[in-house]
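Read through the structure below, which is laid out as structure tokens, and then see the notes.
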Amino acid sequence: MKRLCEIFRSSRKAEMYLYVDRATGLAEVPEALLKQFGEPVSVMILLLEPGRKLARADAAEVLANIERQGFYLQMPPTDAQLLQRERADG
């Protein structure tokens, strides 16, 4: 299954992103989450399919969450993930 997605970054929390179906936008994202997320800033529109490589998320999981709940929330990396990323780059 392919889906045209829009990705928004949080204005409050670095490296936090919301993936939504481009056609429905943020309409299905709960108000409480949007309050914590801050002002959504559109950063990208992409055609997402299960095999597509994403930097920090599994495309199939993103698509399943959008299908099930209307959005996918990508949380910022943990300290352990940041340390691992630093070691890999270093």
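Since every read-out is calculated from the coordinates, none of them should be taken as a lab result. From a predicted model like this one, the values you see are computed outputs, not experimental measurements. All Cβ positions, even for glycine, are placed from backbone atoms using ideal geometry, and neighbour counts span all protein chains on display.
Comparing Gly70, Gly38, Gly25 in a Gaussian network model of the chain, where Cα atoms under 10 Å apart are tied by springs, the biggest mean-square fluctuation is seen for Gly38. The local environment of Glu49, defined by Cβ-Cβ distances under 10 Å, has a net charge of +3 under the rule Lys, Arg +1 and Asp, Glu -1.
Can you give the helix-only mean residue ellipticity at 222 nm for the chain, where every DSSP H stretch with n ≥ 4 adds -39500 (n - 2.57) and the sum goes over all residues, rounded to the nearest 500 deg cm²/dmol?
Working: 3 runs with 29 residues, N = 90.
Mean residue ellipticity at 222 nm (helix-derived): -9500 deg cm²/dmol.
The label point for Arg52 and the one for Leu34, both projected 7 Å from the Cα toward the Cβ, are 2.3 nm apart. Calculated from the alpha-carbon coordinates, the chain shows an Rg and a Dmax of 13.6, 41 Å respectively.
The alpha carbons of region 43-85 occupy a box of 32, 20, 20 Å along the principal axes, longest dimension given first. For the chain, GluC sites (Glu not before Pro) meeting the loop criterion (DSSP other than H, G, I, E, B) and having at most 14 other Cβ atoms within 10 Å: Glu15, Glu28.
Could you tell me how far the Cα centroid of region 47-78 sits from the Cα centroid of region 6-21, in Å? Here the two parts' Cα centres lie 12 Å apart. Measuring nothing but how far apart in sequence close Cα pairs (under 8 Å, 6+ apart) lie, relative to its length, region 3-89 scores a relative contact order of 35 percent.
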